[in-house]
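What follows is one structure encoded as structure tokens, with my remarks underneath.
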């Protein structure tokens, strides 16, 4: 099919495509056949209505429109391929000529991937934090394991750091009780954090039956982020006794017979997690370096769609969490302090994300990166682990929602990023070169499941 392309701007083109009537004929025949099967006209058997009668009853124009609609996707696809275009969205199509029996002409305006000057990956670099001390991390995890199996003994004394207290909390403001800031029978370990600011100081030194007052900022519920006067009453003080770190404990909490074996296994797992986090940081920073080095015009329509989608997603997340944006900003470590700053940050991140996706797709095409069946299977398994489902459920979800193309694209982008990372220069803050060879990157992907405890904020910009 003859076609011409006009460059409207670096990221948008206008295709003019002609469909010879001979190419439209099979679609016309099919349209007539389908209409004949669905209409009832006296004097004619269903399915045997002549085309002339259909034209008379329903109009030739309706049949032509149906045939053209059926032919357009193929004609558009062939024109895109013939002109070596890479669309970045759906086209805006308009029929510009319809000469029955001769030719059909349409124009399609569509956003396309612009020409990109990809840099030598060896010029990309990233600096990442030094790995945390392995022994310290292992000891911290062992400490948490011992705390889970600790025993508590009620004591008749004032509460101290590390004690477990049972308490009631009652919030008020200007003398008026706040029902949403009231809780009874809470068990809390002094010094563990995670509750109200000032609680540790208030309960330290209190014995059973004693109370204290303090001012804090509420966390959780509809009053999150608001100040309140808190009255706390201690009902019970218990002393924690940690189990001995011996072989018996190792047998209780693990599959190993000795403490040394358990520690060695923990060290291996912890090192995998730390290494994964470091490599993930390197990925992000190398990709950021790439985005900063390649300047190109983003399609305005594509960017607007991405921004709108993010705004909607964040709005839905805040609604489900029962938070206003203002309260969310008060209780998070988000870079923005005001709603305007927050939305500007969201828009900026949307733009950077789109730029990164387009660049990774270009790299995948340049390096002729494909997707193996095993890679798709592994992705499905990882999604199942992350979502708490089964691989079979994720596979069905993929088929039901037509996600295969998007998931394969995700794999190609990750592989492109891995290749780019392997050629980049990555050092830690002490100047030590980090090994990011492809085989190391792939090996550390196995640690992703181990690192799945990382929490996601309800409204991430």
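Miscellaneous remarks
- In the range 212-249, the residue that is modelled with the highest pLDDT out of those that are outside any strand (DSSP E or B) and farther than 30 Å from residue 141 by Cβ is 218.
- Look at (1) in contact with a strand residue (DSSP E or B) (Cβ under 8 Å, 6 or more places away or on another chain); (2) in a loop (DSSP other than H, G, I, E, B); (3) buried (at least 16 other Cβ atoms within 10 Å of the Cβ) and you find that residue 89 fails only one, number (3).
- Scanning the range 164-194 for residues that are surrounded by fewer than 16 Cβ atoms within 10 Å (Cβ to Cβ) and not in a strand (DSSP E or B) turns up 174, 175, 191, 192, 193, 194.
- Per-region count, the range 307-342, residues at pLDDT 85 or above, surrounded by 14 or more Cβ atoms within 10 Å (Cβ to Cβ) and either part of a loop (DSSP other than H, G, I, E, B) or touching a strand residue (DSSP E or B) at 6+ places or on another chain (Cβ under 7 Å) (or both): 2
- In the range 200-207 there is no residue that is assigned by TED's automatic domain parsing to the domain that holds residue 160, surrounded by 16 or more Cβ atoms within 10 Å (Cβ to Cβ) and touching a residue at least 60 places away in the same chain (Cβ under 8 Å).
- Residue 74 being assigned to a helix (DSSP H, G or I) and out of contact with any helix residue (DSSP H, G or I) (no Cβ under 6 Å at 6 or more places or on another chain): yes
- Among the conditions (1) more than 30 Å from residue 418 (Cβ to Cβ); (2) touching a helix residue (DSSP H, G or I) at 6+ places or on another chain (Cβ under 7 Å); (3) in contact (Cβ under 8 Å) with a residue 12 or more places away in the chain; (4) surrounded by 16 or more Cβ atoms within 10 Å (Cβ to Cβ), the only one that residue 242 does not satisfy is (4).
- Top-ranked residue of the range 1-17 - restricted to ones that are part of a loop (DSSP other than H, G, I, E, B) and either surrounded by fewer than 20 Cβ atoms within 10 Å (Cβ to Cβ) or not assigned by TED's automatic domain parsing to the domain that holds residue 103 (or both), ranked as modelled with the highest pLDDT: 10
- In the condition set (1) surrounded by fewer than 17 Cβ atoms within 10 Å (Cβ to Cβ); (2) assigned to a helix (DSSP H, G or I), residue 145 is compliant with all but (1).
- Of all residues in the range 391-402, those being surrounded by 17 or more Cβ atoms within 10 Å (Cβ to Cβ) and either over 21 Å from the mean Cα position of the chain (by Cα) or not in a helix (DSSP H, G or I) (or both) number 0.
- Of the residues making up the range 403-440, those that are surrounded by 14 or more Cβ atoms within 10 Å (Cβ to Cβ) and at pLDDT below 50 number 1.
The values are calculated or read from the model by the stated rules, or taken from the named source; none is laboratory data. Only a predicted model underlies this, so the values are computations on that prediction, with no experimental measurement involved. Positions of Cβ are backbone-derived with ideal geometry, glycine not excepted, and every protein chain shown enters the neighbour counts.
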